[in-house]
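Here is the structure we will look at.
The values are calculated or read from the model by the stated rules, or taken from the named source; none is laboratory data. Owing to the predicted nature of the structure, the values given are computational and were not obtained by experimental measurement. Heads up, the Cβs are rebuilt from the backbone with ideal geometry, glycines too, and the neighbour counts pull from every protein chain shown.
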Amino acid sequence: MPADKLLITDPDTGSNVELPVISGSAGLPTVDIKKLPGALGYFTYDSGFAATAACRSSVTYIDGDEGILLYRGYPIEQLAEQSSFTEVAYLLMNGELPDASALEAFRQEIRYHTMIHESMKTFIGGFNYDAHPMAMMMGIVASMSAFYHDSLDIENPAHRRLAAVRMIAKMPTVAAACYRHSIGWPYAYPSNALGYASRLLHMMYSVPAEPYEVDPVAANALDLLFILHADHEQNASTSTVRLAGSTGANPYACIAAGCCALWGPAHGGANEAVLRMLNEIGSVENVPKFMERAKDKNDPFRLMGFGHRVYKNFDPRATIIRKTCHEVLEKMGISDPLLDLAMKLEEIALQDDYFVERKLYPNVDFYSGIIYKALNIPTNMFTVMFAIARTVGWVSQWLEQCETPETRIGRPRQVYTGDAARDYVPLTERA
Ligand code: ACO
């Protein structure tokens, strides 16, 4: 049993304080440091929040040493094998798996909200055709608070749920519209007879002039990728959603903030960066050269798709997706030299002392890009795909935050390194 309090003593003054230790249902015990500044006059410093819990949450659990990922207690491997993205969305939002009628009611609720306001198309049309789809998506999601006034009262549980369902339902429609705008195709309406992933593929690739059949292999692969990306505890984008949420900002603004944080190459932008990196490496012979660059501290190059803040053993999503990646390419009859290159890179990195010592393993994004490429999804849409899936996690975490009485505005402290107070010097007296 871990101690239920920690005694901290200031060696200078001899003063001490007992800090309570919080034990969750799993994971390391966590010291509640709230009393520390008042009692001893110290803040704590934790750059990048590597050791700091900012909330209590029952949505997702990760054990980085053991490579465990649970959504509401269910192992990701079981959900990937047996569930669907829509069912996982229900689970994350509501905490329990639905029975058959609850699942159908949820599907219907989502179908009801798949269309977007017609004026949003005009808004999308205002972007230049070569705008990055992720840039468009960030703007469109933020604009939803201007279109859907009937779900902005965050004190009202019905409004909160409506906003959450709306975002899950509309993200694929927005994503497809951004894509089609960038290639000059007319926007496609959602086809509600199709499932979630098939509907997205249909909106991306169908043309008014021809019938279009969604490839079930592609739809199943996409559904699986969405399950794997649905939530991941307090990662950078989810923490951004929560920080925005803590101010009382409306849900569309909070999810837009999450989209912005997701786009960075250290986070959701990594899948796009992996493909760019593989193209840059070009062929297996060049791998050693790039490995040396990745290890050189004077070179900004990093092996994209390797390493993770929390997983220091393996990323369980990467294990699932690696297998799927091979299956998809085989079923679709695709022989991709980039996959051979990726396999070689993985093999070399896993034996290299630098990567072994630092516990740098391939993460989920190392493989997701290769699958997206096989599904004909353009590279600049990869992070948009991630955003569609992660919307489920963002809204679930935001709903939980709204329902948690102890939620306060997020307001980190700092270690000030600037000048001490000094007097203003008039312009005429400055040297
Ligand atoms: N290539 C080369 N070296 C690396 C890499 C990498 N991909 N990742 C980490 N390192 C090295 C660092 O240089 C550092 O070395 P040092 O101890 O000698 O200084 C050590 O490993 C620890 O790295 P940090 O940057 O401190 O680890 P952190 O937890 O802060 O970062 C991150 C994790 C951002 C994922 C990092 O590993 C990275 O940049 N990876 C590539 C981008 C990527 O794939 N991101 C996707 C993450 S998964 C997701 O968001 C879905």
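Structure summary
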quantity: Checking residue 292 against (1) closer than 30 Å to residue 136 by Cβ; (2) part of a helix (DSSP H, G or I); (3) within 14 Å of the ligand (Cβ to nearest atom), the condition it does not meet; calculated: (1)
quantity: Candidate set from the range 136-156 (those that are assigned to a helix (DSSP H, G or I) and free of Cβ contacts under 8 Å to residues at least 12 places away in the same chain); member that is farthest from the chain's Cα centre (by Cα); calculated: 149
quantity: Elements of type helices (runs of 4 or more DSSP H) contained in the range 68-113, each with 2 or more residues being within 18 Å of residue 228 (Cβ to Cβ), without any contact (Cβ under 8 Å) to a residue 40 or more places away in the chain and assigned by TED's automatic domain parsing to the domain that holds residue 195; calculated: 76-82, 85-94
quantity: Residues (part of a loop (DSSP other than H, G, I, E, B), more than 16 Å from the ligand (Cβ to nearest atom) and in contact with a helix residue (DSSP H, G or I) (Cβ under 8 Å, 6 or more places away or on another chain)) located in the range 308-356; calculated: 332, 334, 335, 336
quantity: Within the range 351-400, considering residues that are surrounded by fewer than 20 Cβ atoms within 10 Å (Cβ to Cβ), out of contact with any Leu (no Cβ under 6 Å at 6 or more places or on another chain) and among the polar types (S, T, N, Q), the one modelled with the lowest pLDDT; calculated: 376
quantity: Conditions (1) exposed (fewer than 13 other Cβ atoms within 10 Å of the Cβ); (2) within 16 Å of the ligand (Cβ to nearest atom); (3) modelled with pLDDT under 95: number failed by residue 1; calculated: (2)
quantity: Matching residues in the range 241-256 - criterion: being more than 16 Å from the ligand (Cβ to nearest atom) and part of a helix (DSSP H, G or I); calculated: 242, 243, 244, 245, 246, 251, 252, 253, 254, 255, 256
quantity: Selection within the range 274-286 - in a helix (DSSP H, G or I) and either in the same structural domain as residue 239 (by TED's automatic domain parsing) or surrounded by fewer than 17 Cβ atoms within 10 Å (Cβ to Cβ) (or both); calculated: 276, 279, 280, 284, 285, 286
quantity: Whichever residue in the range 405-431 is modelled with pLDDT of 95 or more and polar (S, T, N, Q) and, among such residues, is farthest from residue 164 (Cα to Cα); calculated: 428
